[in-house]
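The values are calculated or read from the model by the stated rules, or taken from the named source; none is laboratory data. All values derive from a computational prediction rather than experimental measurement. With ideal geometry, Cβ positions are generated from the backbone for all residues, glycine too; neighbour counts draw on all protein chains shown.
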Amino acid sequence: MLLKDEVGMLRRVPLFAGVDPSKLKLLAFTSDRVSYTAGQTLFNQGDEGDAAYVILSGTADILVDSAAGPIKVAEAEPNSIVGEIAILCDVSRTATVRAAGQLETLRIRKEDFLRLLKEFPEMTVEILRVLADRLSHTTADLIDARSRRN
Amino acid sequence: MEKSLARYIWSHTWRQQLWILAIVAVSMVPYFLSFDLPKLIVNGPIQGEGFETPGATRLFMNIDFTLPMLGQVTLFEGFQLNRQETLFALSLVFLFLVVVNGLFKFYINTYKGRLGERMLRRIRFYLVDRVLRFPPHHFKRVKQAEIATMVKDEVEPLGGFIGDAFVQPALLGGQALTAMVFIMIQNFWLGMIAAAIVCIQIVLIPRMRRRLLILGRERQLTARALSGRVGEIVDGIDTIHVHDTSNYERADIAARLGRIFKIRYDLYQWKFLVKFINNFLAQITPFLFYLIGGYLTLHGRLDIGQLVAVIAAYKDLPGPLKELIDWDQIRQDVQIKYTQVVEQFSVDNLVEPHIQAVTVDPVAPLSDPLAAANLSLSDDSGATFLDRVSFEIKPGETIAIVSTGTGGAEAVAQAFARLNWPESGKIVAGSVDLLELPESVTGRRISYASSDVFLVHGSLRDNLLYGLKHAPLTRVSYEGVEADHRRWAVEEARKAGNPDFDLRSDWVDYAAAGATGPQDLFAQIRHVLEAVFLSQDILDLGLRSPVDPERHKALVERIVELRLALRGRLEAEDLSDLVVPFEPGTYNKEANIGENLLFGAARGPELADRALAANPYFAAVLKQTGLDRTLYEMGMGIADQTIELFSDLPPDHPFFQQLAFMGAEEIPTYQALLQRLNGRSYDTVSEADRAAMTALSFAYIEPRHRFGFLTDDLMTKIVEARNRFYAGLPATLKDAIEPYEPTRYIIAATVMDNVLFGRIRHNHPEGPERIRAIIFGMLDELGLHDEVLDVGLDFNVGVGGKRLTGAQRQKLDMARALLKRADYLIFNRPLLALDQRAQDQVLRNVLEEVRRGGREPAVMWVLGNPSMAAMFDRVMAFDAGQLVADGTYETLHEANDIFRSMVS
């Protein structure tokens, strides 16, 4: 997969959808292509987060620790991003991500990502829009959930 | 130090000065003879005086004189020569005198030069010697750059002056006097006129020049301050950047330069004014001669011959006179410089020379307890650190020192290391004042490390062994030319009052480190490095450095074994795809195109980096395989992509570190080049432009950059070009490259690259870390760990150790303090750059290391973390300049509130 294809993949990630393609290219260029084989972990729950991963091909299992051992809570498919919260703020990983088969990812390092945001405010605004959108949805869901409980 | 320069010079060189004065006096004889000779030649053989009759002869070289008591004495009868013979004889005498005068001048000048240089050497050494003996607190007041300027530049003119200090005035005074007497003999009154003008010159000019001297002194002070400031800027560059004060610094420097300019300009104005007046006065004398002498001649009171002779004789007066006045100017100038320097180096409480006397023999252990008696310590401003405290430290005791912010624990540690001299009271070793002990005892039996680390510019090894270099321990035997040179060096050093210690002797005190010689020192080094957790770092540095194949034969010889072992390891751990090995005849996708083409490491500049594309042979190979056009086009593509990606970024953006193709500063160049070349056919592009573009392709790695430029066809062609390159490699380039061969050690590459003999796959998660861990383990197994550690020890630490991290510097300082196995080890918060956990680990290790081999030194450790005090026999707590608690950890923890509050 070439750089320009990766840009295409990034554009399909909702977080980056509104960002100027030339900036996405720079983001892709400064990121690493990392491959995993089945069973290799991308990161573990509780780790300090230093990078986000865009799944280029293959699938990854998202696992959460429980008393009975790790439980698979979701699956990440191509065009999705995992660990993105970690590159936006300082929180530890909330889940473990493990390759379910041969997995190709683009690893976006936190510091590179933040530098890009600093350099190109218009990119920040786009990301902000997506996050605010998510927040409003979450808030709506919360209100919904609360009203249902009452 | 002697205040008067003249006296200083005389006291050190009076023998030589007298000798040279005598030589000068002797040289005056042929000098005067050569004065008189032209007249003899012209008047005698040429004009025919004394040869009036044909065939007349004259006596030549008749030496006789009349002595008062003995009457006529004839030493040599002489020859009778006719007119022509006399001409030849006299001319030959003239030639002879020219040669003799020249030789005298040559001898005198070299002698003077040598004299001056020796004195300069003496003064410089003396100054540095004093710096080594300054009391510690003095260094808080002086800037190092200023001291350096004084030693280097300010005493420099002294060297030139010393040879002339006494000879010049004697010589020039003699010459001027002779010329004066000559004039007097010709005509007394004209002589008096000349004398009067000379008197005016001698009185007036030096007076006028006094202002020059004042300006000169100002110039010296301002220039010294400038170099101090420049030194400060360099030292404090980080602070300047951090606080955005670069423009404040600019303003300061500009203001200083403005002042210096003003002083210098004043100096010029005044200097040339003085010159003008001096010249005017010198010219006024001939004017008076012409006017008065002419007048007298017109009235027949003076004959023309006399007037001409006076004017001719006067020619020889202004020269020496001017030089004499100049000499006086230089004298005053250097006197001022000298006084300035002497003032700066006259410091009270210098360390006595006997304290630093060189001691070759081993020093007996310091078996007495160290005790502070009514010890008071304060800083420069008089603020008290410690107020009349007494305590004792017994040999073998380990003591933790803790203190509150104002406790003064650090000052205590410094005082025991003699770095802070007591304000009152003292520290005694047994019954001797610690300050009275020679440094050969304190410097060997007491060791000290703090967080304020000094590293010399050299290798890690140099720095580690620095604490063992007390005295020249071995006698080096020299032979042949080297022996002569050594003899010369010793003799010269003595003549200039320098010590003649041999720098090539082995200064390392192996016994002090518990070794018998260089061969088993390494084991000791390894112990201390392990203790401070520095061996990993050094191993890393070793892996990243190339080796000296002579010194590290084992690595070079066992490289095949190492490479095979790595493959085996990788296979065993199912990681064989982590590294893509270099295989002849195969394209290595993880390596860049340049490396795949060369398939070797460039050794000289011919085939390195950018020069590769411009190398004619290499370019020819590319052409033959048709790669030249492909790679050029690829270069254009890379330039295009790079500029698209990076042109919006500021040049200092960290992203540029990830850009292998070009530096940030080259972006505009390539942008212009790209615009110019776009759409042009390949054939019309100049060689230089082609090379510039082609060079970009060399850094391309497909899995890393993912522009999609690498095709199977291209890879085949590149391997083909590689084969062709080696097939026809001209002899001139054979030494410029080391080809990658599985059985060959590549000298120009790092140890890591040699062991890998391939490239780590880019898309492997945590590839480099995994490899590092594997290689570390492998080196240990194969017994090559020490070898690589040794390579790492050759790493150059840079100025002040700046190529190391702060933590590494402090660990190194700690290791250095441990290596000399002292009886008292003083650690003054030595590891501030480490995090708390690492500090605690090092502390545990170090306490264990100092006891290794049954030794029992005393340890005095100023702790940053009081809870570690439990590791020590005894705890001392300081607060507000007082010793507030002293006892075991348990008792203090139970009974002492202040200590408890520190620990909690």
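Results for (1) modelled with pLDDT of 85 or more; (2) closer than 30 Å to residue B:436 by Cα, shown as yes or no for each residue.
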{"residue": "B:310", "(1), (2)": "no, no"}
{"residue": "B:316", "(1), (2)": "no, no"}
{"residue": "B:321", "(1), (2)": "no, no"}
{"residue": "B:338", "(1), (2)": "yes, no"}
{"residue": "B:343", "(1), (2)": "yes, yes"}
Discussion item. Which residue is farthest from the other protein chains (Cβ to nearest Cβ), if the candidates are limited to the range A:103-119 and must be touching a Leu at 6+ places or on another chain (Cβ under 8 Å) and modelled with pLDDT under 85?
Written reply: A:113
Discussion item. With of a type outside the set (D, E, K, R), more than 24 Å from residue B:763 (Cα to Cα) and more than 11 Å from every other protein chain (Cβ to nearest Cβ) as the only criterion, which of B:721, B:699 stands out?
Written reply: B:721
Item to complete: Kindly indicate whether residue A:74 is part of a strand (DSSP E or B), more than 13 Å from chain B (Cβ to nearest Cβ), closer than 21 Å to residue A:40 by Cβ and modelled with pLDDT under 85.
Response: yes
Worksheet item: What about residue B:159, is it touching a residue at least 60 places away in the same chain (Cβ under 8 Å) and assigned to a helix (DSSP H, G or I)?
Response: no
Response to the item:
Given (1) more than 30 Å from residue B:164 (Cα to Cα); (2) touching a helix residue (DSSP H, G or I) at 6+ places or on another chain (Cβ under 6 Å), residue B:241 misses just (2)
Fill in: Residue count, the range B:784-840 (criterion: in a helix (DSSP H, G or I), in contact with a strand residue (DSSP E or B) (Cβ under 7 Å, 6 or more places away or on another chain) and of a type in the set (Gly, Ala, Ser))
1
Worksheet, complete the sentence: Only one of B:363, B:342, B:308 is surrounded by fewer than 20 Cβ atoms within 10 Å (Cβ to Cβ) and either part of a loop (DSSP other than H, G, I, E, B) or of a type in the set (Ser, Thr, Tyr) (or both), namely B:363
Worksheet item: Would you pick out the residues in the range B:308-350 that are among the small types (Gly, Ala, Ser) and farther than 25 Å from residue B:188 by Cα?
Response: B:346
Discussion item. For the structure I just gave you, tell me whether residue B:591 is of a type outside the set (Val, Ile, Thr), in contact with a strand residue (DSSP E or B) (Cβ under 7 Å, 6 or more places away or on another chain) and part of a strand (DSSP E or B).
Written reply: no
Practice prompt. Identify the residue in the range B:765-793 that is closer than 23 Å to residue B:599 by Cα and touching a residue at least 40 places away in the same chain (Cβ under 8 Å) and, among all such residues, is farthest from the other protein chains (Cβ to nearest Cβ).
Written response: B:771
Worksheet entry | Matching option when the condition is more than 28 Å from residue B:350 (Cβ to Cβ) and charged (D, E, K, R), among B:436, B:392 | B:392
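The rows are residues; the columns are (1) part of a loop (DSSP other than H, G, I, E, B); (2) within 14 Å of another protein chain (Cβ to nearest Cβ); (3) in contact (Cβ under 8 Å) with a residue 40 or more places away in the chain; (4) acidic (Asp, Glu).
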position	(1), (2), (3), (4)
B:651	yes, yes, no, no
B:655	no, yes, no, no
B:660	yes, yes, yes, no
B:673	no, no, no, no
B:676	no, no, no, no
B:683	no, no, no, yes
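Residues checked against (1) farther than 18 Å from residue B:352 by Cα; (2) crowded, with 18+ Cβ neighbours inside 10 Å; (3) not polar (S, T, N, Q):
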{"position": "B:442", "(1), (2), (3)": "no, yes, no"}
{"position": "B:457", "(1), (2), (3)": "yes, no, yes"}
{"position": "B:474", "(1), (2), (3)": "yes, no, no"}
{"position": "B:477", "(1), (2), (3)": "yes, no, no"}
{"position": "B:482", "(1), (2), (3)": "yes, no, yes"}
{"position": "B:488", "(1), (2), (3)": "yes, no, yes"}
{"position": "B:504", "(1), (2), (3)": "yes, no, yes"}
Discussion item. Quick check on this structure: which one of B:809, B:759, B:772 is basic (Lys, Arg) and surrounded by fewer than 20 Cβ atoms within 10 Å (Cβ to Cβ)?
Written reply: B:772
Worksheet item: Could you list, in sequence order, the residues of the range B:443-455 that are in contact (Cβ under 8 Å) with a residue 60 or more places away in the chain and either not assigned by TED's automatic domain parsing to the domain that holds residue B:821 or not small (Gly, Ala, Ser) (or both)?
Response: B:444, B:445, B:446, B:448, B:453, B:454, B:455
Fill in: Residues satisfying the stated conditions in the range B:421-435, i.e. surrounded by fewer than 16 Cβ atoms within 10 Å (Cβ to Cβ) and in contact with an Asp or Glu (Cβ under 9 Å, 6 or more places away or on another chain)
B:430, B:431, B:432
Worksheet entry | Residue satisfying condition, being outside any helix (DSSP H, G or I), closer than 28 Å to residue B:577 by Cβ and in contact (Cβ under 8 Å) with a residue 40 or more places away in the chain, within set A:94, A:105 | A:105
Worksheet entry | Sole exception among (1) more than 22 Å from residue B:739 (Cβ to Cβ); (2) in contact with a helix residue (DSSP H, G or I) (Cβ under 6 Å, 6 or more places away or on another chain); (3) surrounded by fewer than 19 Cβ atoms within 10 Å (Cβ to Cβ) for residue B:639, by number | (3)
